[in-house]
Amino acid sequence: MVERSNAAGQTFLHIAADRGNCGVLTHVLKVRPMLSLLFARQDDNGFTPMDLLAQHVRECGPLARPPRAEHLEFGEQLATNWVDAGGYQVPRAGSATPWSDLDIVVLDERSGSTVCFAAHRDVLSAASPAWRERLRFVGNERPVLKIDPQCCRSAAVVNEALQFLYTGRFAGELECNGRLLVQLLSLCVSCELVEALRRCCTAALLSCLDRPENATVLPVLLRGAGAVGLSALERRFVACLFLNAPGALVGMSSDPKVCEKASITLRLALEEVEHCLEAHASRHS
């Protein structure tokens, strides 16, 4: 019954979206996660419920992009709390590093092998309370810090993080690769790395999210927005991009687990979109 469509090929979700009724859409997803499949269904004009809702968002005005943070360098504000890394060489993957006294290892999905960075305890302990705590309990053997593959599976990501931790400069070698930038952001959070790196990574990620190849990153970022510290403006920005990205719901299937995850993502997006529509209505009331 709920999947029936009208003469224009629209389901009841198209109708609710066309009216900007986020409350109905959210309730439906909460009680029937499997109906998340209908959010990707096109009507006779080629519009999905997400497309129709995106039109309402566009009517609110140009999408407010979060301010792009400068690529920070450690200045006076952080210098008093930071280790002097000037005498240390930045670690490189698979290479010996003078005076190194620990190893960071990461399972690199690109090469399919474990990659090692020979690093320095002083620098990493100062950069991360989590790493400092782990290094307190090592014995006489050379310590090994293993990167959790749940948050990072890329040697390039670890390299970007180490460059920042040693020099205070965001190298930007991940360029516009949203998938790798999300992993860097996850690494920052899970290992409690310095806040300046998280801010630089967030700015770089948000600036490239509108690229089609990064559409699959949007659902991941929506679900993890709270954990990675996105602001209200940043969450709203991601949600609006999600509605406008044709590839954001790629891989949808009738698998209950897939539908449950899609339902959560859509509800998070709807929550942010509802704020946009309410703010627009109050300004014009």
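The values are calculated or read from the model by the stated rules, or taken from the named source; none is laboratory data. Please read all numbers here as calculations on a predicted model, not as lab measurements. Methodologically, a virtual Cβ is constructed for each residue, glycine included, from the backbone with ideal geometry; neighbour enumeration extends over all protein chains shown. For the accessible areas, the whole protein counts, side chains as well, though only heavy atoms, and no ligand, DNA or RNA atoms are used. Shrake-Rupley method; radii C 1.70, N 1.55, O 1.52, S 1.80 Å.
Residues in segment 210-233 that are buried (at least 20 other Cβ atoms within 10 Å of the Cβ) and either in contact (Cβ under 8 Å) with a residue 60 or more places away in the chain or not in a helix (DSSP H, G or I) (or both): 215, 230. Scanning segment 92-108 for residues that are closer than 14 Å to residue 142 by Cβ and surrounded by 13 or more Cβ atoms within 10 Å (Cβ to Cβ) yields 97, 100, 101, 102, 103, 104, 105. Pairs linking a residue in segment 44-55 that is over 15 Å from residue 274 (Cβ atoms) to a residue that is open to solvent by 60 Å² or more (accessible area, probe 1.4 Å), with Cβ atoms under 8 Å and 6 or more positions apart or on different chains, are 48/41; 48/42.
Within segment 1-38, can you find the residues that are of a type outside the set (A, V, I, L, M), open to solvent by less than 60 Å² (accessible area, probe 1.4 Å), closer than 12 Å to residue 53 by Cβ and not in a loop (DSSP other than H, G, I, E, B)? Those that are of a type outside the set (A, V, I, L, M), open to solvent by less than 60 Å² (accessible area, probe 1.4 Å), closer than 12 Å to residue 53 by Cβ and not in a loop (DSSP other than H, G, I, E, B): 14, 22, 26.
Pull up segment 146-159, narrow it to residues that are of a type in the set (S, T, N, Q) and in contact with an Asp or Glu (Cβ under 8 Å, 6 or more places away or on another chain), then point me to the one that is surrounded by the fewest Cβ atoms within 10 Å (Cβ to Cβ). Per the stated criteria, the residue is 159.
Residues in segment 144-163 that are part of a helix (DSSP H, G or I) and hydrophobic (A, V, I, L, M, F, W, C): 155, 156, 157, 158, 161, 162. Each residue in segment 253-285 was checked for being closer than 18 Å to residue 13 by Cα and open to solvent by 50 Å² or more (accessible area, probe 1.4 Å), and 7 of them qualify. Applying the condition of being outside any helix (DSSP H, G or I) and aromatic (Phe, Trp, Tyr) to segment 111-143 and asking which residue is surrounded by the most Cβ atoms within 10 Å (Cβ to Cβ) yields 117. Of everything in segment 237-278 that is among the polar types (S, T, N, Q) and modelled with pLDDT under 90, the residue that is nearest to the chain's Cα centre (by Cα) is 244.
Filtering segment 160-200 to residues that are crowded, with 18+ Cβ neighbours inside 10 Å and among the charged types (D, E, K, R) leaves 160, 198.
If you check 25, 38 for being modelled with pLDDT of 95 or more and under 26 Å from the mean Cα position of the chain (by Cα), only one passes: 25.
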